[in-house]
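Derivation of every value follows stated rules applied to the coordinates shown; laboratory data play no part. Note that this is a predicted model, so its numbers are computed, not measured. When we count neighbours, we look across all protein chains shown, and the Cβ atoms used for this are built from the backbone with ideal geometry, even at glycine.
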Amino acid sequence: MSINLKKGQRISLTKDNQGLSKIMVGLGWDPVKKGSGGLLGALFGGGAPDIDCDASVLMLDANDKIKDKNDIIYFGNLTSKCGSVRHMGDNLTGEGEGDDEQIMIDLNKVPANIQKLVFVVNIYDCVRRKQDFGMIQNAFIRIVNMANNQELVRFNLTEQYSGRTALFVGEIYRHNNEWKFAAIGEGTNDTSLKDIVQRFA
């Protein structure tokens, strides 16, 4: 049975799931429904571009640093050099049910020097498009055991993130020979993945 977490909670993924290795991390969100825009909206399709949220994974060492650019997994670098993290590709609109982006992880293949996998979501071209996470609703992260397709953990981000342009959603980390998950849910004003990565340089 899936466990629903609240912001700040932590849970062991491997303690009660002996042999857990291959997991899928699903991230999802929905654009807030836009109004019709009246006559002009009807004539010209509303004009506002879709919100393109990009999920990324940062592979950090014991000092919370990124040592290699290949340890940043995103739409421009879909697979880590070690093969332990694989991004399944970019969803450009957030439309549709279920996961918008999925990341496959083999915990047994994560190199020993990697202590933490941080999951972040940012809005592509947010400054020019004047978009922020106040325009997003129903955001979540969930973890599925790929051996039996069982959802282990879900964290629904229920806060109001208006004005925020990036989200630190959650992290998977090593602790005493276990893999744990922490529900973070922190919004920031980073305007690109490059800005986010600078925090860990």
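How high is the FRET efficiency from Asp106 to Val127, r the C-beta distance, R0 41 Å, rounded to 0.05?
0.70
Under 10 Å from the Cβ of Ser12, count the other residues' Cβ atoms, weight Lys and Arg +1, Asp and Glu -1, and hand me the total.
Net charge around Ser12: +1.
Can you show me the helix-derived [θ] at 222 nm for the chain, built from DSSP H runs with n ≥ 4 at -39,500 (n - 2.57) apiece and divided by the number of residues, rounded to the nearest 500.
-2000 deg cm²/dmol
Considering amide H positions built from the backbone, and no H for Pro or chain starts, which residues 5 or more places from Thr14, or on another chain, come under 5 Å of its amide H?
The answer is Trp179.
Step through the residues of the range 114-125 one at a time and calculate ³J(HN,Hα) from phi using the Karplus curve (6.51 cos²θ - 1.76 cosθ + 1.60, θ = phi - 60°), rounding each to whole Hz and writing x for Gly and Pro.
In residue order, the calculated couplings are 8, 9, 8, 10, 9, 9, 10, 10, 10, 8, 5, 6 Hz.
Taking Kirkwood radius over Cα pairs in Å as the quantity of interest, determine which of (i) 16.6; (ii) 18.0; (iii) 17.5 was computed from the displayed structure.
Given (i) 16.6; (ii) 18.0; (iii) 17.5, the structure-derived one carries the label (iii).
Please work out the FRET efficiency for the pair Ala147 and Lys33, using the Cβ-Cβ distance as r and a Förster radius of 41 Å; give the result to the nearest 0.05.
About 0.65, to the nearest 0.05.
Rounded, prolate or oblate: which fits the range 111-200, taking a ≥ b ≥ c as square roots of the Cα gyration tensor eigenvalues, rounded meaning a/c under 1.5, else prolate when a/b beats b/c?
oblate
Any lysines with Cα under 30 Å of the Lys65 Cα? List them, leaving off those in the same chain fewer than 8 positions away.
Within reach: Lys6, Lys7, Lys15, Lys22, Lys81, Lys109, Lys116, Lys180, Lys194.
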